[in-house]
Amino acid sequence: MGPLLEFLAVWWWTAPAAVGAGTVGYVAATTGRRRARRLALDAARHQEQHAVRELLSARAHTRAAQAEVQAARATRSASHSQARRALSQAREAQRTATLLLRAARTRVKAERAQLAARDAELPLARVVREHDEIAARWLEYETDVELAIAVPQMSDPHHPETAAYLQAMQRAQWLRPPTGATRMDPADFVAYTAAVRELNEAFAAAETAALRASADRGRRRTEVPPRERAAASEPPHVVHSEPERPAQEPPTPAARTQESPGTAERVIRAVWPVPRRSGATGRDPQP
């Protein structure tokens, strides 16, 4: 009994320390999981607060526009129509801000109901998974040879839709967290969620435009007459033509002399005058 009491007297503090460490670890784990589950709700509340500020600003602009209209009416100024136009735009902006606030409050209610489901996927992990699915769909057009040949526009950044998708992909990749369990602020989560949503819309637009261009190209190919299609498929016929020879000029006497000296000598001998013989007529030849 004595050694046990001595051991407890020396190591009694280990039991409270172990209990305290376990409690701190459990609280940290549950707090982190709770924070991760509440991330979408906190982001929805952040959007609600932003919508409230936008509505207050729109109401202030509407009151200022009303004051401008009353001042222009009192002074009978020529800018009365311009002031009324500004008031109409301010009221339209106020109606838009009111609708955005209603949508934000509805989103808060939906996220609060989603938080009650224990087996639901974490919000950040869900957005990261959607990002990966979009990237995998685009990689199919890059790695599949048949798709790359059939739909080449998805790999060509010179088209406006494809360029817009590539820009949206770069923006979403810049806001993407390292993992789905990374701690993230509500404002950053809102920005990343909006970037993934824009990326999905840009990919849908680029894919639709690329498929439409491929269909139009195939339709134009089928509309070509059979003779022209066969002529286009045949290899080109190459015609070999002989080079033109320059026209030969008649040779000059000097050239003829150089070419055939014997012939020139015979011509000269034939042309030289031959004297007459004296015995034929009995007269001397005249000079």
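The values are calculated or read from the model by the stated rules, or taken from the named source; none is laboratory data. Quick caveat, the model's predicted, so the values are computed rather than measured. All Cβ positions, even for glycine, are placed from backbone atoms using ideal geometry, and neighbour counts span all protein chains on display. Surface areas here come from the heavy atoms of the whole protein model, side chains and all, with no ligands, DNA or RNA. Shrake-Rupley method; radii C 1.70, N 1.55, O 1.52, S 1.80 Å.
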Exercise. On the given criteria, is Arg45 free of Cβ contacts under 8 Å to residues at least 40 places away in the same chain, in a helix (DSSP H, G or I), out of contact with any Lys or Arg (no Cβ under 6 Å at 6 or more places or on another chain) and among the charged types (D, E, K, R)?
Worked result: no
Exercise. Under the condition of being part of a helix (DSSP H, G or I) and among the hydrophobic types (A, V, I, L, M, F, W, C), which residue from region 71-89 is farthest from Val52 (Cα to Cα)?
Worked result: Ala74
Exercise. Of all residues in region 131-148, which are farther than 12 Å from Leu211 by Cα and not acidic (Asp, Glu)?
Worked result: His131, Ile134, Ala135, Ala136, Arg137, Trp138, Leu139, Thr143, Val145
For this session: Confirm whether Ala60 is free of Cβ contacts under 8 Å to residues at least 40 places away in the same chain, among the aliphatic types (A, V, I, L, M), part of a helix (DSSP H, G or I) and under 21 Å from Arg37 (Cα atoms).
Result: no
Problem set entry | Matching entry among Glu68, Glu92, Glu121 (being of a type in the set (Asp, Glu) and outside any helix (DSSP H, G or I)) | Glu121
Problem set entry | Residue list for region 183-215, filter: more than 15 Å from the chain's Cα centre (by Cα), assigned to a helix (DSSP H, G or I) and not hydrophobic (A, V, I, L, M, F, W, C) | Pro186, Asp188, Tyr192, Thr193, Arg197, Arg212, Ser214
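Can you name the residue in region 72-89 that is aliphatic (A, V, I, L, M) and within 16 Å of Thr62 (Cα to Cα) and is also most open to solvent (accessible area, probe 1.4 Å) among such residues?
Ala86
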